[in-house]
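Encoded as C-alpha cells, the structure appears first; notes follow it.
Derivation of every value follows stated rules applied to the coordinates shown; laboratory data play no part. From a predicted model like this one, the values you see are computed outputs, not experimental measurements. Here the Cβ positions follow ideal geometry from the backbone for every residue, glycine too, while neighbour counts run over all protein chains shown.
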Amino acid sequence: MLSLPIQHKLAGFYFFYYSIVGTFMPFWSLYLEDQGFNYQEIGLLSSIAIVTRFFAPFIWGWIADKSGKRMLLVRIATWMEACIWFMIFLIPNTFQSVALLMLIFSFFQNAILAQFEGVTLFWLGDKRTQLYGKVRKWGSVGFIVGVFGIGALLEVVPIAMLPVMLLCIAFLAFIWSFSIKEPSTAPHSQQQLEPLLPILKRPVVAAFFAIEFVLLFSHAPFYSFYSNYLHQVGFGTTEIGFLWSVGVVAEIIMFAFANLFLTRFSWRSLVSLCLLLTGARWIVVGLLPNSFIAQFLAQTIHAFSFGLFHMIAMRVIFQNFSMGQQGRGQAMYSTMWGLGVAIGSILAGRYWQLISGEMVFIIAGLSTLVGLLFVRWLPKQIQQA
C-alpha cells in the first residue's frame, strides 16, 4: 500500500469516505423510521446531523491552517466516527440520545472532507486540473458500492444492522488514512492567520456562496427524505439503492468530462445551467413519484446539480483563497452546504405531511430560481485553471 502513487492513495480514501456517505445518506432515514421516529423527528434529526456545519468547519479549518496538520485531523475524526457507530448500541433509543449522538458525529464528520479536499489539492499541485476529477471520481465509485451493496444487503438483513455496516467501513477508512502523509507543499503552522473577510467581500466569492446555499437548500428533501419518499410508493431497498447510484454514476461521468465544460463556458453560464437543471430535477421527482423511468432520468441530472457545481466550487476556492487560507476556504464551502441542507430539512420535515412530499419537492425545484438572482456577479469570461 505504501508503494502506491499518491493519487491512488488519495483515491482510496475518497472511496472509503464516500462508501460511508453512500451507506448513511440513503438508508439512515429508513433506519430512523424503523426505530419508530416520525417524519418531523426524522427531519429534525437530519438537520441536527448537519447543524454543526454552521461552526465546526471553521473550528477545524482554523486548527488546520494554524497547525498545518490536516491529515492528523482527518485520522482523528475518522476514528471518532467509527466510535460513534459503536456507541449507538450503548445509548437509549430516544430522540434526545440519538440527537446528541448525531451532533457529535457531524462535528467530527465535518473535519474529514473539507480538510481532505485541501490535502488532495496540495498533493496534486500544478496537476490538480488534470488529476482532481480522476482522483475524486473514486469517491463516487465508493458511494455506489455503499448505496448499491448495502441496499442489496438490506433486502436480507434487518435495517437495524445499519450502524454495524457503518462501523466497519469507517474503521477501514481510518486504517487507509495512515497511507497518506501531510503534503509537503502545504503551509505549515502559522503564527498569524491571514484574514478571510477581504476574500468573502469579493463579489464573485459572496455570490457563489449565496448560490451554493440556495442550491443545497433545494437538495434538502432529497438528502433527508428521498428514500422514504420512494419507499412510500412501493420501491424496495435495491431499487432505492439503484436510483441513488444512478446519480453518482452521472457524477463520475461529469468528473471525467467537466473540463470540456469549464474550458468552453463561463462560470456564470455553467452555474445558471446547474440551477435550472436542478430545479427541473426536483419538479420531475415531485410530479412523477411512481415512475421509475422519471426518477431514473431525474437522477442523471445529479451530474450538474452536484458534479459540475462541485468542480466549479473547487476552482473558486483555489483561485480566491491563498495557500494559508485553504482550510478555512473549504470550511466555508462546507458551512454553506450544511446551512442550506439543515434549514431545508427542518422545513421539509415540518411540511411533509401538511402539504405532501410531492409538493415539497416541487417547491424545492422552484426555489432554485432564487439562485439566478446572484449569477450576475460571477465572471462571464472563461476562467483559466
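Extending each Cα 7 Å along its Cβ direction at Leu200 and Leu4, get the distance between those two points in nm, one decimal.
Going from the Leu200 label point to the Leu4 one covers 3.7 nm.
Ser97 to Asp34: extension gain in nm, 0.36 nm per residue of separation minus the Cα-Cα distance? Present the calculation step by step, with values, prior to reporting the outcome.
On the way: separation 63, 0.36 × 63 = 22.68 nm, distance 1.63 nm.
Answer, rounded to one decimal: 21.1 nm.
Please compute the volume of the convex hull spanned by the alpha-carbon atoms of segment 241-281 and report it per residue in Å³.
On the way: hull volume 2.4 nm³, N = 41.
Per residue, the Cα convex hull of segment 241-281 comes to 59 Å³.
With a Cα-only, solvent-free Debye model of segment 18-67, what are the log10 I(q)/I(0) values at q = 0.19, 0.24, 0.25 Å⁻¹?
One equal scatterer on each Cα of segment 18-67 leads to -0.74, -0.89, -0.92.
In bins 5 Å wide, starting from 0, what share of all Cα pairs of segment 66-108 does each bin hold, as a percent?
Bin by bin from 0 Å, the calculated values are 5, 22, 25, 19, 12, 8, 5, 3.
For a distance above 15 Å, tell me the whole-number percent of Cα pairs in segment 74-179 that qualify.
Values: 3960 of 5565 pairs.
Tail of the P(r) past 15 Å holds 71 percent of the pairs.
Take the residue pairs Lys69/Lys137; Lys181/Lys380; Lys181/Lys201; Lys134/Lys380; Lys69/Lys201; Lys66/Lys134 and return only those whose Cα atoms are more than 32 Å apart.
Beyond 32 Å: Lys181/Lys380; Lys181/Lys201.
To one decimal place, what Kirkwood hydrodynamic radius in Å is obtained for segment 1-89 from all pairs of distinct Cα atoms? Could the numbers behind the result be given before it?
Numbers: mean 1/r = 0.0641 Å⁻¹.
Kirkwood hydrodynamic radius for segment 1-89: 15.6 Å.
How much length is gained if the chain between Lys66 and Val156 is pulled fully straight, taking 0.36 nm per residue apart and subtracting their Cα-Cα distance, in nm to one decimal?
Using 0.36 nm per residue and subtracting the Cα-Cα distance, I get 27.6 nm.
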